[in-house]
Amino acid sequence: MDRSTKLWVGVIVLAGLAGAVYFQAKRDAKVGTAQTSSADLPEIKVPEDIDKITITNADKGEIVLEKKGDNWMLSKPIEALANQANVKSLIDNMKDLKAKEVIIAAPNDELLKDYQFDAAHAVHVVAFKGGDKKLDASFGKSGARGQMAQIDGKKEIFSVGGYSSYLYARDLKAWRNTEVFKFDDSAVSNFTIENAKTTLSFTKGEGDKWAATSKGQPIARLDEEKIKDVLRTYKMLNAEDFGDGKATDVTGLDKPEGTITINLKDNAGKYVLKVGKTSTGTSRYAQKEGSDTIFVVGGYTTDWAVAEATKFQKLADGGVDKKPDPPGMPGMPPGMGMPPGMGGMPPGHPGADPHGH
């Protein structure tokens, strides 16, 4: 391509860019570059004591959260205890929402789709207090001018501040309470592990010294740090996911592969976890006593429930397994015998056997 041709190509490209900028500028002019007074903006007031929230989040479907007593509960698509911290974060964020300017005064269907207020993209949030609607907002595209929103059924598209999208875009499991166990590990008096291989029993004695048995026999070279690892793992146990609706032949919880039972001193609490089949990777299905909820728990945690006594033992001889030297010279690497001529005196030595014997 000669120089003049390159120049013409450059001119055409620049013209195209200028045209794009021009048409976008005209479009922006149509959609709200005029100054906005505070009277044009809706006031968003979400009280602390709302008691119901619905979130319709594109492909994630509808989530319904309701305050019952002191706790927030999920009522749709399933009934379960909600993640209280995540609900609180959502409410706190709602209180921070503020309309800043009108972006589009009268959007048509095409503009609504461009700004992602269609069903495939929009996040629709409604908050109630005692049946009264306190917020009804849809959130669409986010860009240089902020988060786009339509509020309380008004036709305008507004820019709002304070919106944290990730708080509204959680999937179902993130809205659920994932806590399985929570206890003070220093208050544990004893625990047992039962599985097809063995029954392990651990008891805390004087001076918080631990004793342990396997099938009724003391575990030699007991590593108390491993016992502490178990309790640290289970004292604040949370699920990775849930196995709602899974049949027992899938979960294996009708015939657990391992069960761990933890007792607190002075009968202050008892925690029992049944561990079933593998779910995905190394994670397993699990269920705590007294609950119908099927959890999916990480492999590091569930491995303790199917462990044998050796998992709680220190290695012999301070952690070094001593093995006899292989045949040949002391200290020689395995597989290396004595080289020819090294069975006695070197070949050629006056006292050497000429036949190598």
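The values are calculated or read from the model by the stated rules, or taken from the named source; none is laboratory data. All figures in this text were calculated on a predicted structure; none of them were measured in a lab. Note that each Cβ is placed from the backbone with ideal geometry, even for glycine, and that neighbours are counted across all protein chains shown. Each accessible area value is taken on the protein alone, full model and side chains, heavy atoms only, with ligands, DNA and RNA left out. Shrake-Rupley method; radii C 1.70, N 1.55, O 1.52, S 1.80 Å.
For the range 156-189, which positions are part of a strand (DSSP E or B), hydroxyl-bearing (Ser, Thr, Tyr) and farther than 30 Å from residue 97 by Cα?
Quick first cut of the range 156-189, residues part of a strand (DSSP E or B) only: 157-161, 176, 179-182, 188-189.
Subsequent filtering for residues that are hydroxyl-bearing (Ser, Thr, Tyr) retains 159, 189.
Listed by number, the list holds a single entry, 189.
Enumerate the pairs (first residue in the range 294-311 and closer than 26 Å to residue 217 by Cβ and open to solvent by less than 20 Å² (accessible area, probe 1.4 Å); second residue anywhere and acidic (Asp, Glu) and modelled with pLDDT of 95 or more) with beta-carbon separation below 9 Å, excluding pairs fewer than 6 apart on the same chain, so at least 6 apart or on different chains.
From residues that are closer than 26 Å to residue 217 by Cβ and open to solvent by less than 20 Å² (accessible area, probe 1.4 Å), the pairs are 302/257; 304/229; 305/194; 305/257.
Would you call residue 220 outside any strand (DSSP E or B), of a type in the set (A, V, I, L, M, F, W, C) and open to solvent by 30 Å² or more (accessible area, probe 1.4 Å)? Break it down stepwise before answering.
Details: outside any strand (DSSP E or B): yes; of a type in the set (A, V, I, L, M, F, W, C): yes; open to solvent by 30 Å² or more (accessible area, probe 1.4 Å): yes.
Taking the combined requirement at face value, the residue satisfies it.
Each row is one residue, and each column tells you yes or no for (1) more than 30 Å from residue 268 (Cα to Cα); (2) open to solvent by 50 Å² or more (accessible area, probe 1.4 Å).
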{"position": "136", "(1), (2)": "yes, no"}
{"position": "153", "(1), (2)": "yes, yes"}
{"position": "170", "(1), (2)": "yes, no"}
{"position": "180", "(1), (2)": "no, no"}
{"position": "186", "(1), (2)": "no, yes"}
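Here are some residues: 192, 213. Which one is among the hydroxyl-bearing types (Ser, Thr, Tyr), assigned to a strand (DSSP E or B), surrounded by 15 or more Cβ atoms within 10 Å (Cβ to Cβ) and within 30 Å of the chain's Cα centre (by Cα)?
Result: 192 is the single residue among 192, 213 that is among the hydroxyl-bearing types (Ser, Thr, Tyr), assigned to a strand (DSSP E or B), surrounded by 15 or more Cβ atoms within 10 Å (Cβ to Cβ) and within 30 Å of the chain's Cα centre (by Cα).
I need a count of the residues in the range 49-90 that are in a loop (DSSP other than H, G, I, E, B) and either in contact with an Asp or Glu (Cβ under 9 Å, 6 or more places away or on another chain) or buried (at least 18 other Cβ atoms within 10 Å of the Cβ) (or both).
Counting residues in the range 49-90 that are in a loop (DSSP other than H, G, I, E, B) and either in contact with an Asp or Glu (Cβ under 9 Å, 6 or more places away or on another chain) or buried (at least 18 other Cβ atoms within 10 Å of the Cβ) (or both) gives 5.
Determine the pairs where a residue that is outside any helix (DSSP H, G or I), located within the range 264-285, has a partner that is open to solvent by less than 40 Å² (accessible area, probe 1.4 Å) and among the basic types (Lys, Arg) with Cβ atoms under 9 Å apart, the partner being 6 or more residues away or on another chain.
Listed pairs, sorted by first residue: 275/284; 276/284; 277/284; 278/284.
Of all residues in the range 195-207 being of a type in the set (Gly, Ala, Ser) and not in a loop (DSSP other than H, G, I, E, B), which is nearest to residue 242 (Cα to Cα)?
At the first step, the residues of the range 195-207 found to be of a type in the set (Gly, Ala, Ser) are 196, 201, 205, 207.
Okay, now just the ones that are also not in a loop (DSSP other than H, G, I, E, B), so 201, 207.
Numbers: 201: 29, 207: 40 Å.
Out of the qualifying residues, it is 201.
So, of the residues in the range 93-118 that are touching a residue at least 60 places away in the same chain (Cβ under 8 Å) and open to solvent by 80 Å² or more (accessible area, probe 1.4 Å), which turns out to be nearest to residue 40 (Cα to Cα)?
Of the range 93-118, the ones touching a residue at least 60 places away in the same chain (Cβ under 8 Å) are 93, 96-105, 107, 111.
In the following step, the residues that additionally are open to solvent by 80 Å² or more (accessible area, probe 1.4 Å) were identified as 96, 98, 100.
Numbers: 96: 19, 98: 13, 100: 10 Å.
The extreme case among them is 100.
Taking the residues in the range 195-209 that are open to solvent by less than 20 Å² (accessible area, probe 1.4 Å) and either without any contact (Cβ under 8 Å) to a residue 40 or more places away in the chain or of a type outside the set (A, V, I, L, M) (or both) as candidates, determine which candidate is nearest to residue 285 (Cα to Cα). So that I can check it myself, show each step before the final result.
To start, the set of residues in the range 195-209 that are open to solvent by less than 20 Å² (accessible area, probe 1.4 Å) comprises 198, 200, 202.
From what's left, either without any contact (Cβ under 8 Å) to a residue 40 or more places away in the chain or of a type outside the set (A, V, I, L, M) (or both): 198, 202.
Numbers: 198: 20, 202: 24 Å.
Taking the candidates together, the pick is 198.
Would you call residue 274 open to solvent by less than 70 Å² (accessible area, probe 1.4 Å), at pLDDT 95 or above and of a type in the set (D, E, K, R)?
Details: open to solvent by less than 70 Å² (accessible area, probe 1.4 Å): yes; at pLDDT 95 or above: yes; of a type in the set (D, E, K, R): yes.
When the stated conditions are applied, residue 274 passes them.
Out of the residues in the range 230-258 that are among the polar types (S, T, N, Q) and in a helix (DSSP H, G or I), state the one that is surrounded by the most Cβ atoms within 10 Å (Cβ to Cβ).
Restricting attention to the range 230-258, the residues satisfying the condition of being among the polar types (S, T, N, Q) are 233, 238, 248, 251.
Subsequent filtering for residues that are in a helix (DSSP H, G or I) retains 233, 248, 251.
Numbers: 233: 17, 248: 13, 251: 22.
Out of the qualifying residues, it is 251.
Are any residues in the range 91-114 closer than 18 Å to residue 135 by Cα and part of a loop (DSSP other than H, G, I, E, B), and if so, which ones?
Of everything in the range 91-114, just one residue is closer than 18 Å to residue 135 by Cα and part of a loop (DSSP other than H, G, I, E, B), namely 97.
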